[in-house]
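So the structure is just underneath, and the comments pick up after that.
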């Protein structure tokens, strides 16, 4: 076992179209102030998980920080899942859905402060067709939007906005969904089915205001129509959405099917089209450093 106290920083050099050297230097300097050794790994897209696992085994870090988008966070999560190694997040992607859900600070010094703080929490994770999901997945029009966004050349929220109208007009929605849980089985028609462990999309839209990431449950939300008044409400943290607009089910396992294939995404990554999804949850599997306010809002005695 290595006797030094290490901070491992995993950086995706191409995420978010932003320069990563300020992040690297700032984390390195903060580690030095705290008398920690510093190790940097930059992802390449080839055998990253194997390499990160090898580094973790070699240096046994106190904490692993990740600078990138949701895809990079998911990748690094697979290396620390189920361990006592705490993950710290420095948002550096295009939409940063995880950062939006955690209400992480906007400035780099404050982000590093949170990532290295003693305020930590064990969060649930989902598996959808055996693939890891940290915050939100969906079948329908939003996944279509992500596909079109990935094929466009414009990044960030502007890219999502520019793709939204062509997506709406060319979508094959509505879709007919069948949902089976331990509590009930039903069919519902909708433009979007969201599988939610968290509250917000990376764009900031709050689609699951009552969800908690450490309660052993996830929510299935079926949005029935393209109601712009109801959609506008999602800019609020606690939108009062009509049951005529969205149906919400809270459960700990589900089977979802559709009569035709539906565009599908997990944590902002488009994964093709599917007609079946099996969803399970693993409780308190990921240790993450988080803002104090988030920890308090998820306290078990609430």
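Quick check on the range 6-117: take the gyration tensor over C-alpha atoms, sort the square-rooted eigenvalues as a ≥ b ≥ c, and tell me if it's rounded (a/c under 1.5), prolate or oblate. Working shown, then result.
Values: a/c = 1.37, a/b = 1.09, b/c = 1.25.
It comes out rounded by the Cα gyration axes.
What FRET efficiency comes out for residue 282 versus residue 240 if R0 is 51 angstrom and r is the Cβ-Cβ distance? Round to the nearest 0.05.
Details: r = 32 Å, r/R0 = 0.62.
Computed FRET efficiency for residue 282 and residue 240 comes out at 0.95.
Students often check this: by mean Cβ neighbours within 10 Å, which of 23-30, 138-145 ranks highest, and how do the rest follow? Don't skip to the end; give the middle numbers.
Numbers: 23-30: 16.9, 138-145: 25.6.
Peptide ranking by packing, descending: 138-145, 23-30.
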Evaluate the relative contact order of the range 6-117 (contact order divided by residue number), counting alpha-carbon pairs under 8 angstrom at least 6 apart; express in whole percent.
31 percent
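Since every read-out is calculated from the coordinates, none of them should be taken as a lab result. Since this is a predicted model, take the numbers as computed values, not measurements. Glycine also receives a Cβ, built like all others from the backbone with ideal geometry; neighbour counts cover every protein chain displayed.
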